[in-house]
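Structure record follows, encoded as structure tokens.
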Amino acid sequence: MKQVISQDINEYLTHLGQFGQLEAGGVTRFVYDAAWIAAMNFVLQDAKFRGMNVAVDKYGNGFMSYPGINATQIVAAGSHLDTVNKAGIYDGSYGMAAAILAMSDLFRQYGQPQKTMTAVAFSEEEGSRFPVSFSGSKHYSKTKETDPLIKDCNGITFGSARHLALQQLTTKYLLEEQPLPSEFFELHIEQGPILEEKGLQLGVVSSICEQKRFTVTLHGQTNHAGTTPQHLRKDALKAAVRLIYRLEKQAQCLGEPFVFTVGEFVVSPGSSNVIPGLVRFSVDIRHPDKKIVDGFEDFLRTCAAALSAFTVEVYKWMDSLPAKMDKRLVKQFQKIITARGLDYLNLPSGAGHDTQIMNLKVPTAMLFVPSKAGISHAPAEFTSPKDLALGVEILKDQLYEECYH
Ligand code: HGY
Ligand code: MN
Ligand code: MN
């Protein structure tokens, strides 16, 4: 592979986007799958060419550092390497690549920093393969370990997938658990329409919303579509539709910014002339106010219990607390942007981020760049090279303030 792939963020992301690239467009890169291993390998190899110390921890998080004069003082920045199914090339990858490019630019310009600069490629954030999200940052921040026995839709356990991926990565890279940094930054695409609507290039994140995700399983009675009278049916699909309809009405009552999404829906056995005996679907709910989200969870559980003719399981596998960004670091982002004669918007994040996990342990701050038409989690996800590059410049200034004094 040729030396450092590029100092241009757009070129870097275009190259990284080939790992998991889909014929029909977009990228799918699930934690520990072949595309993910190839992408992590590229990122670490490229970082080595940049003169960074590289290592992976036992979850496969990638760490790329320029040790500081006070080596134990660590300032980290990064984002996640995994994607949702049929994703764009920016969600997660941008924040990870921006950290690497910003740090390698600073190192080239100013030499060894006072504090260690560490770029982080988190192994998994999306919850798109296993019923867990933020498993990489939860491990790195020492907030939660992931049950190795949870399974993906093919019955592969998290532990076995992780073991196979680490087996490959540790043939080339040091396996080393990492100490907590003193602060953490994440650049991210906004994944919404607000910056573009306001004609702004930069968003300084004030807080990240509370988010919960569930898997709801309804057990009815599989039976013949022709011979089973309506009143004798235990049709899991129709019960699920009634349940989702009630949840949707409640979400409308709560009104924005509350959001309720059913993204996954499986019907079994899935034949046109068979009454579905089992339905499994996901529920994703979010709001800046934890009380609202907690109240909706109670409503969900009450409605599920009311379907007494069915066995209904409500399994919560994600509950990420709302996170307030660090005042000093936020102010410093604002000062840096203003000093460049640029404008910005302070805004909350409706999307979840590894930052809200790191925020449980260390001060954090996030910077957004615009998403074209607000689209994300889709192949049409796009941010202009100019906006991408400006974000890297602002992160560079922030890291310079934090690491070179
Ligand atoms: O779903 C989210 O908010 C994030 O993209 N993981
Ligand atoms: Mn995402
Ligand atoms: Mn993301």
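The values are calculated or read from the model by the stated rules, or taken from the named source; none is laboratory data. The structure presented is a predicted model; accordingly, all values stated were derived computationally and were not measured. Using ideal geometry, Cβ is built from the backbone for each residue, glycine included, and neighbour counts are taken over all protein chains shown. Just the protein is used for accessible areas: all its heavy atoms, side chains included, with ligands, DNA and RNA removed. Shrake-Rupley method; radii C 1.70, N 1.55, O 1.52, S 1.80 Å.
Structure notes:
- The label-point distance for Gln21 and Glu264, in a model that sets each label 7 Å from Cα toward Cβ, rounds to 2.8 nm.
- Length gained on full extension, Asp319 to His231: 27.8 nm, using 0.36 nm per residue less the C-alpha separation.
- Length gained on full extension, Ser160 to His405, computed as 0.36 nm times the residue gap minus the Cα-Cα distance: 83.8 nm.
- Simple rule: put +1 on each Lys or Arg Cβ and -1 on each Asp or Glu Cβ in the chain, find the dipole, and look at Gly277, Pro181, Val84; the Cα lying farthest toward the positive end is Gly277.
- Region 236-282 and region 25-58 have their alpha-carbon centroids 36 Å apart.
- The heavy atoms of Arg286 offer some 40 square angstrom of accessible surface to a 1.4 angstrom probe.
- Set of region 336-353 residues, backbone N closer than 20 Å to the point 7 Å along the Cα-Cβ line of Ala378: 350-352
- J(HN,Hα) series, region 177-185, from Karplus relation 6.51 cos²θ - 1.76 cosθ + 1.60, nearest Hz, glycine and proline x: 5, 10, x, 5, x, 7, 7, 9, 10
- Euclidean distance between Cα centres, region 95-141 to region 328-353, Å: 19
- Under the combined filter of DSSP loop state and at most 15 neighbouring Cβ atoms within 10 Å, region 234-300 retains these GluC sites (Glu not before Pro): Glu264.
- Amide H contacts under 5 Å for Thr311: His219, restricted to partners 5 or more places along the chain or on a different chain, H placed in the peptide plane at 1.01 Å from N.
- Among beta bridges identified by DSSP and lying wholly in the chain, the antiparallel ones come to about 65 percent.
- HN-Hα J in Hz across region 66-80 - Karplus 6.51, -1.76, 1.60, θ = phi - 60°, x for Gly and Pro: 10, x, x, 4, 9, 4, 7, 7, 10, 10, 10, 8, x, 6, 9
- In order along region 124-129, the Karplus-derived 3J(HN,Hα) couplings, from 6.51 cos²θ - 1.76 cosθ + 1.60 at θ = phi - 60°, round to 8, 10, 6, x, 8, 10 Hz, and Gly and Pro are given as x.
- Amide hydrogen proximity for Ile150: with H placed 1.01 Å from N in the peptide plane, the residues at 5 or more positions away or on another chain lying under 5 Å are Phe158, Gly159.
- When the chain is treated as a Gaussian network with alpha carbon springs shorter than 10 Å, the biggest mean-square fluctuation among Gly95, Gly391, Gly68 belongs to Gly68.
- To the nearest ten degrees, helix 158-169 and the longest principal axis of the Cα atoms of the chain are 30 degrees apart.
- The alpha-carbon of Lys316 sits under 18 angstrom from the alpha-carbons of these lysines, leaving out residues fewer than 8 places away in its chain: Lys138, Lys144, Lys151, Lys212, Lys290, Lys291.
- Counting only protein heavy atoms and using a 1.4 Å probe, the accessible area of Asp343 comes to about 100 Å².
- The chain: most fluctuating residue of Pro379, Pro229, Pro322 per GNM, C-alpha cutoff 10 Å: Pro229
- Estimated distance in nm for a label pair at Asp343 and Val4, the labels positioned 7 Å out from Cα along Cα-to-Cβ: 3.5
- Residue with peak Gaussian network fluctuation, the chain [Cα springs, cutoff 10 Å], from Gln250, Gln230, Gln191: Gln230
- Other residues with beta-carbon under 13 Å from the beta-carbon of Ala373 carry, at +1 per Lys or Arg and -1 per Asp or Glu, a net charge of -3.
- Annotation: extensible slack from Lys361 through Asp147 equals 74.9 nm (criterion: 0.36 nm per residue apart, minus Cα-Cα distance).
- Counting only protein chain heavy atoms and rolling a 1.4 Å probe, the accessible areas of His287, His231, His80, His405 rank, largest first, as His231, His405, His287, His80.
- Residues in region 123-165 that a label on Lys290 would reach, taking backbone N under 18 Å of a point 7 Å out along Cα→Cβ: 138, 143-144
- For Ser206, residues with placed amide H under 5 Å, excluding near neighbours: Leu347, Ser349
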